[in-house]
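The values are calculated or read from the model by the stated rules, or taken from the named source; none is laboratory data. If you're wondering where the values come from, they're calculated on a predicted model, not measured in any experiment. Using ideal geometry, Cβ is built from the backbone for each residue, glycine included, and neighbour counts are taken over all protein chains shown. Quick note on the areas: whole protein, heavy atoms, side chains included, nothing else; ligands and nucleic acids left out. Shrake-Rupley method; radii C 1.70, N 1.55, O 1.52, S 1.80 Å.
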Amino acid sequence: MAQPAGPPAAYPGRSGAGQQPYSNGPVQNQLMHLSDGQGYSPLVPGSYSHQPPAKVPPHQAPGQYNYSGSQNVSQLNNYQGPGQTLNRPPVAPFSPAPVQQAGPVPQGLLPASHNSAAVSSAGSFPPGASPPVLSHWQCSPAPASQPAGSQTSPLAHATGTGSAQPPSALAGNTNPPGSYQYAASPGGPPLQNSYMKPGSAPPPVAQPLTPLHPPARPPLGPPPVGGPPLIRPSTLIAGPPNTQSLLNSAVNREGDATSAASDGSVVQNSYDAIEGGGLTATSHHSPAPPNLKMNRNVGYAYPTLPPGYQNTSPPGAPGMQASALQYPDGSKHFHQPALGTNHLTASMGGLSLQQEGLRPVNLLQERNILPTTVLKAPVPNLHEDIQKLNCNPELFRCTLTNIPQTQALLNKAKLPLGLLLHPFKDLSQLPVVTSSTIVRCRSCRTYINPFVSFLDQRRWKCNLCYRVNDVPEEFMYNPVTRVYGEPHKRPEVQNATIEFMAPSEYMLRPPQPPVYLFVFDVSHNAIETGYLNTVCQTLLDNLDLLPGNTRTKIGFITFDSTIHFYSLQEGLSQPQMLIVSDIEDVFIPMPENLLVNLNENKELIQDLLRTLPQMFTKSLETQSALGPALQAAFKLMSPTGGRISVFQTQLPSVGMGALKSREEPNQRATAKDIHLTPSTDFYKKLALDCSGQQVAVDLFLLSGQYSDLASLGCISRYSAGSVYYYQSYHHKHNPVQVEKLQKELKRYLTRKIGFEAVMRIRCTKGLSIHTFHGNFFVRSTDLLSLPNVNPDAGYAVQMSVEESLTDMQVVSFQSALLYTSSKGERRIRVHTMCLPVVTTLSDVYLGADVQAITGLLANMAVDRSVSATLSDARDALVNAVIDSLSAYRSSVLSIQQPGLMAPYSLRLFPLYVLALLKQKAFQTGTNARLDERIFTMCQVKNQPLVYLMLMTHPSLYRVDNLTDEGALNINDRTIPQPPILQLSVEKLSRDGAYLMDAGSVMFLWIGKNCGQTFISQVLGVPNYGSIPQNMTHLPELETAESIRTIAFISWLREQRPFFPILYIIKDDSPLKSSFLQNMIEDRTESALSYYEFLLHIQQQVNK
């Protein structure tokens, strides 16, 4: 049979390179335009005359692949799970002479052999040897003599090490000295003399874990005195949306590894080159944007953006409220004073230890420490003008808001240093810049941001590597204010989060069309669950809302023991099914008409979706050939890239990737929980092939039996996909799951999506990133490959202080996400965060962000569970609390006091760690099924922090006495705001009703003596005895009590991308045990109560 054709030279429907790109209205303002909810303009950028390079999977040594969960290159046979550590090669000292290399860059992937920084992998342990087990996270810096390949990781046990091959001297090159194209844009006018609030101490911040021995690097020399000044915001005049994109500029704005084209221009040949400035290609250490995991509390106050920049929320994003990114609207014009040595305050010394964040708290005596409102992220101790410009913590958050000056200080604090990111979050306001010049540092490739400093109108200093760059002529003009000579007022320098429309040099091939392939399990077991009816109907209802444009393509594959393709050729009266029964050597039965244009073939597609659920109702085929079906899907998708959505209901039983049951119910959580690792590397290898062809795989597992999610989940983890798990899904026996699947599938189908994306995180020189967490594949050491990126994914990274941050008042972090929108535009979303540097241990504790610390430790604990054992991970979590509180007691407390003392900033640390120990991912006992445990671990690695914390430590509210006092008013709705209660049965009264919000599930517990008013006015039944056992919905009654209760529950649900089922339970309900399991402060089956846990910690601290 004919195989599918190779990649087309260009995709149909693209406009020529020379025409006006991205126009969606009259051209009025050449710099900024408003992004709509999806954030895209309708037209596609110009195509290229040259043939796009064929996509080839990255070449690796046999049996060796980069792992995506955390970043470490490891051998497959030594697979240790999602936490990987990277060893960074030494970076050459900065050389001021720029290398001339620039040129347009097509978008797309190249073979690893062309990559300027290919990663070579090698196992760090001899065959058969097991890695050493660490019971504590290590916090000591690497000895100078340590070989570049060796590394010890705190939580994550890396079995392999990656040593990056330094690129040629041309890697990381920049434009010729005479050009301005690399200049990064300035920050606003410099602040008065200080980064810190006068007389204030830094806010509480979580201290980072010590770095995993990064390789030594030659010293880079001290930065210019005073560090980079920051710019003060000035008003952005709201103007009409800008529609003119100046993409026809022939000048290359991105200097990196390039190759000369026949016309003398320079053509980029890899994503690493396009995004620019990989860590081996720059003079200072610039980490790649890794998985960012961020989360922030709702309501973190930021000034609002001027009306002209406000975006609408994404259409068709059910159940989600876009969070407003708020930006400064101050209108004062700020004169930029001359910079001198006193531009910044000399130090943060002299802070009083009695500030709130450092106030010693005796945890054994102060029992009511849980805040009654949602805990907010600590505010960094920066000058208010700088802090106003800082990145929203919902997007970018650090475990320590005060960065320790040295690794020794970080080690002493015994806290993890890392970042949590939520880079593609839905935003209600996002400034979008269309300009032919994207201003970046010529040395480290940092994008211009609010925290750079202007030496004068024509020169700006990078806030990451301190290089002085020229301001390009075009950047001198501000189209928003229509003023020349005020580069510090450009939107790029006024917004910590911004999106650029990328010119053609940020592409390796023409932007791909949106391609969606659905792969359905149609075995007897699958048909029995009834899931196909729900999925096909939801698809039918949302077909017009799939993100895309006139180029959108769609296709379908079904499978049991054979694979079924569907020809949707124009002109057919009905879809034609083609069956391939040779599952050992899968082939595509016809090259065309299996993936078809959605708009041109909509009737045939609708016809197929209506008939699919009935086609297999009489099937008695019980086998499942998932592996071959995925191989077929990969072959079908490789020419373009896109998204595969696979629905599976059982353990794959035939063909490649067949699995055997490994769950023994009586040994679900024994000390040696060996089944947390994959039983085969088939799914990981296939995922890496998918990643190389820009294909991501999302797995929907709907199963009542063990399905080995530890093995199946690899297909999503390494391809940057997502995993959804519906335990015991059945349309009749478990109808509440049907609504959950419908709601979550609607969100999944209609939410924003980015294709063929890469992400890199950079930080100020002296800091280094060594481990990444999340779903992705790490390409060229620190460039994260994300074939798909979605707004519900979070990422985390671990960092270390590689060189002393002497003479620096602040450090900065920047993530850059380069992606193709569903409208075919190449875009770059950039987030920049600035934090102060401190020199004392007390300041480090003062700035600890306890939620971010907990989130990072949870990621590390998943890695430890997989690489070592579950009990090792639990011990490491407990030791993290013991070590940090011991260090605080011995080094910060001036007067030793009886009891268990903690700084106020870490008062919730023991409680949150105890909550982690009781979470399904880490609890002991036989409560959790193996797939359920693995799914929870997947969520830990892929959830933004805000959702992870809710799953870890649920919120408990009393709801039988809701009032309008202190209520929120949102869109004419009044949302009551009851206080959050401690998770203990002591807080429950038989006279009340209590709502527990555990993130993916909610419980409404009704006390035996609950007031008759609540029972009749909210539940709609005459008395307590009439409450049905399986009640999962509240009736909508015309009573004040009902309206308030439903408004509150709906408001909680709207703030997350998944749909929590509501279970209404009584004292005799079978679900009462699940409700009580979440009472973190009480003793449970296999875990201590909170008070017992504190006594244990005290005993260890006082040793």
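Values as computed for the structure displayed
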item	result
Some residue of the range 817-824 being open to solvent by less than 10 Å² (accessible area, probe 1.4 Å) and on the phi > 0 side of the Ramachandran plot	yes
Residue pairs meeting the criteria (Cβ under 7 Å; at least 6 apart or on separate chains; first of a type in the set (Val, Ile, Thr), in the range 622-633; second buried (at least 24 other Cβ atoms within 10 Å of the Cβ))	Thr622/Ser523
Matching entry among Thr345, Thr341, Thr437 (being in a loop (DSSP other than H, G, I, E, B), at pLDDT below 90 and in contact with an Asp or Glu (Cβ under 6 Å, 6 or more places away or on another chain))	Thr437
Any hit, the range 1020-1027, residues being touching a residue at least 40 places away in the same chain (Cβ under 8 Å) and either farther than 24 Å from Arg1053 by Cα or aliphatic (A, V, I, L, M) (or both)	yes
Segments classed as strands (runs of 3 or more DSSP E), wholly inside the range 441-546, with at least 1 members that are within 30 Å of Leu701 (Cβ to Cβ) and of a type outside the set (Gly, Ala, Ser)	515-521
Qualifying helices (runs of 4 or more DSSP H) (wholly inside the range 891-956; at least 2 residues being of a type in the set (Asp, Glu))	930-942
Qualifying residue in the range 653-665 (condition: among the basic types (Lys, Arg) and in contact with a strand residue (DSSP E or B) (Cβ under 6 Å, 6 or more places away or on another chain))	no
All positions within the range 1066-1100 that are of a type outside the set (Asp, Glu), open to solvent by less than 30 Å² (accessible area, probe 1.4 Å) and outside any helix (DSSP H, G or I)	Lys1066, Ser1069, Met1079, Ile1080, Thr1084, Ala1087, Ser1089
Hits in the range 1004-1035 - residues which are closer than 28 Å to Gln943 by Cα and either open to solvent by 10 Å² or more (accessible area, probe 1.4 Å) or part of a loop (DSSP other than H, G, I, E, B) (or both)	Trp1005, Thr1032, His1033
Filter result for Arg829 (surrounded by fewer than 24 Cβ atoms within 10 Å (Cβ to Cβ), charged (D, E, K, R) and touching a Phe, Trp or Tyr at 6+ places or on another chain (Cβ under 9 Å))	no
Residues of the range 977-1001 classified as in contact with a Phe, Trp or Tyr (Cβ under 7 Å, 6 or more places away or on another chain) and open to solvent by less than 10 Å² (accessible area, probe 1.4 Å), total	5
Single unsatisfied condition, Thr854 versus (1) farther than 30 Å from Val374 by Cα; (2) modelled with pLDDT of 95 or more	(1)
Top-ranked residue of the range 762-786 - restricted to ones that are open to solvent by less than 10 Å² (accessible area, probe 1.4 Å) and touching a Cys at 6+ places or on another chain (Cβ under 7 Å), ranked as nearest to Gly855 (Cα to Cα)	Ile769
Among (1) closer than 30 Å to Ser886 by Cβ; (2) free of Cβ contacts under 8 Å to residues at least 40 places away in the same chain - the single one Pro416 does not satisfy	(2)
Selected residue (criterion: farthest from Leu420 (Cα to Cα)) from residues of the range 358-379 that are assigned to a loop (DSSP other than H, G, I, E, B) and open to solvent by less than 10 Å² (accessible area, probe 1.4 Å)	Leu363
Residue among Ile644, Ile605 that is open to solvent by less than 10 Å² (accessible area, probe 1.4 Å) and either over 34 Å from the mean Cα position of the chain (by Cα) or more than 17 Å from Gly713 (Cβ to Cβ) (or both)	Ile605
Scan of the range 862-881 for residues that are among the β-branched types (Val, Ile, Thr) and open to solvent by less than 10 Å² (accessible area, probe 1.4 Å), ordered by number	Val862, Val881
Tally of residues being farther than 27 Å from Tyr725 by Cα and crowded, with 19+ Cβ neighbours inside 10 Å across the range 1043-1065	2
Residue match in the range 1067-1077 (condition: modelled with pLDDT of 95 or more and within 34 Å of the chain's Cα centre (by Cα))	no
Selection within the range 956-974 - within 31 Å of the chain's Cα centre (by Cα) and surrounded by 18 or more Cβ atoms within 10 Å (Cβ to Cβ)	Leu956, Tyr957
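Quick grid of which residues meet (1) open to solvent by less than 30 Å² (accessible area, probe 1.4 Å); (2) touching a residue at least 60 places away in the same chain (Cβ under 8 Å); (3) among the basic types (Lys, Arg):
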site	(1), (2), (3)
Asp883	no, yes, no
Val892	yes, yes, no
Tyr912	yes, yes, no
Gln923	yes, yes, no
Phe935	no, yes, no
Cys938	yes, yes, no
Met951	yes, no, no
